[in-house]
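Notes follow once the structure below has been shown.
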Amino acid sequence: MIKRVLTERIAKTLFGGKAVVVLGARQTGKTTLLQSLSEQESNRLHLNCDEPIVRTQLQDVNLTELRNIIGEAKLVFVDEAQRVKNIGLTLKLVADNFKQVKLLVSGSSALDLASEFKESLAGRKRDYTLYPISWEELSAHQGYLQAKAQLESRILYGMYPEVITSPGEEDELLYELVDSFLYKDLLSFQGIRKPDVLSKLVQALALQTGSEVSYNELSQLVGVDKNTVSNYIELLEKAFVVFRLPAYSTNARNEISRSKKIYFYDTGIRNAVIGNFNPLSLRTDTGALWENFLIAERMKLLGNHRIRAGMYFWRSVAQAEVDYVEMRAGQLRAFEFKWNPKAKKKKPRAFLNTYDAEVSFIDRDNFISFLMPE
């Protein structure tokens with residue numbers, strides 16, 4: 001099992017008296033991680049909400065029924081909690097009336113859970129996001145040299161745990177992941193009323209990786225209004241499929257301030273959506289894939305270590321660009337991504353003329369420092 005960076009941090013929270021809520025896409029290892037933590041308590045209860053009988057028991061349950069369900073358990077692990085309607089109220093009953101119970105909750109979507117938990121467990125919980133395997137975790141598990149040797153494979157097939165540990169089966173596993181959590185899970189939510197539109201939209205976003213996204217253009221492309229596009233993208237974000245990177249601006253007149261780019265949390269999922277696992281040497285989107293991979297991995301690094309930082313890109317009205325800009329502890333840093341170490345590296349003068357910032361070029365020879373704790 002690949003050890004996760006969050007393990008010790010979550011354990012301290014759980015055994016320190018607070019409820020733990022872990023969100024993240026399906027198959028990122030939430031159940032495995034939380035089961036390993038729950039095993040530290042001999043008297044425990046695992047409630048898998050994928051099972052219909054569990055969903056029925058937990059939905060709109062009263063206190064007497066809840067006492068019967070929990071019994072003498074000292075730790076309760078509620079797995080895939082988003083599957084239960086009004087689960088926030090049930091968890092509030094547990095937190096209010098079972099002070100001796102350590103509460104572990106996992107969810108594969110922030111579609112409903114975030115607002116429910118905010119109200120029901122306010123001040124009594126800690127939230128964590130479990131991403132696919134990070135480069136730091138991969139390197140610790142396999143060793144520096146072996147991890148670096150499979151860089152191209154990780155860009156093509158991504159960082160889901162089962163994909164990493166099943167060489168030769170990556171394509172099949174990724175197509176299964178896309179069919180199950182990306183479409184079946186998402187389509188089960190009320191907000192998705194047009195399955196064909198969702199499929200077209202995800203493919204359009206995959207083909208525009210690394211480019212600025214126009215909701216107007218997307219609406220024309222997939223045949224729905226701009227508001228529907230916006231709503232569907234928000235749902236994709238909450239299901240941990242894609243994330244938005246806003247433009248950095250201090251409201252200077254020569255800067256783009258409202259634009260956004262959209263990236264996939266995992267490049268393997270992105271490639272499965274468009275059905276392209278060709279080697280990087282045969283692709284026309286290598287630069288965009290490299291950019292997506294690095295930014296997603298940087299997000300994992302910051303998230304896993306609870307580092308507060310603003311993540312952006314930058315572009316001027318005159319089309320000068322910086323791939324990635326990070327504001328952290330009051331310091332502005334800029335990064336340009338080049339897959340080829342020999343590619344021409346030109347400093348972004350327009351950006352440097354506007355901001356006092358450090359600029360670094362990240363390529364396949366020096367990328368590791370960008371993805372590891374400082």
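Just so you know, all these numbers are worked out from the coordinates, no wet-lab data involved. Being a predicted model, the structure only gives us computed values, none of them experimental. Here Cβ is always computed from backbone atoms with ideal geometry, including for glycine, and neighbour counts include all displayed protein chains.
Numbers for the structure displayed
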read-out: Gain upon complete extension [Gln319, Asn86; 0.36 nm per residue less C-alpha separation]; value: 79.1 nm
read-out: Folded to 0 to 90 degrees: helix 195-207 orientation relative to the chain principal axis, Cα; value: 40
read-out: Within a Gaussian network of the chain (alpha carbon springs, distance under 10 Å), most fluctuating of Leu145, Leu45, Leu93; value: Leu145
read-out: Nearest-20 debye value, the stretch 135-370 charge dipole, Cβ charges on Lys, Arg, Asp, Glu; value: 1020
read-out: Label-point gap, in nm, between Leu207 and Lys226 - each point 7 angstrom along Cα→Cβ; value: 2.2
read-out: Charge dipole (the chain, unit charges on Cβ, about Cα centre) - positive-most of Asn353, Thr90, Tyr215; value: Asn353
read-out: Helix-only CD estimate at 222 nm, as mean residue ellipticity for the chain, using -39500 (n - 2.57) per DSSP H run (n ≥ 4); value: -11500 deg cm²/dmol
read-out: Of Lys3/Lys30; Lys300/Lys342; Lys194/Lys238; Lys99/Lys125; Lys74/Lys300; Lys226/Lys260, pairs whose Cα-Cα distance is over 21 Å; value: Lys300/Lys342; Lys74/Lys300
read-out: Length added when fully stretched, Leu187-Glu172, from 0.36 nm per residue minus Cα-Cα; value: 3.3 nm
read-out: Largest-first ellipsoid semi-axes for the chain, taking √(5λ) over the Cα gyration tensor eigenvalues, angstrom; value: 37, 23, 21
read-out: Two-decimal ratio, the stretch 207-326, of alpha-carbon radius of gyration to 2.2 N^0.38 Å; value: 1.11
read-out: Taking Val54, Val241 and counting other C-beta atoms within 10 Å, the order from fewest to most; value: Val54, Val241
read-out: Kirkwood Rh in Å, taken over the stretch 6-129 so that all alpha-carbon pairs contribute; value: 14.2
read-out: Fewest-first sequence of Trp314, Trp339 by Cβ atoms within 10 Å of each Cβ; value: Trp339, Trp314
read-out: Gap separating the Cα centres of the stretch 198-235 and the stretch 119-160, nearest whole Å; value: 27
read-out: Extension gain, Glu374 back to Ala329 (0.36 nm per residue minus Cα-Cα distance, nm); value: 14.8 nm
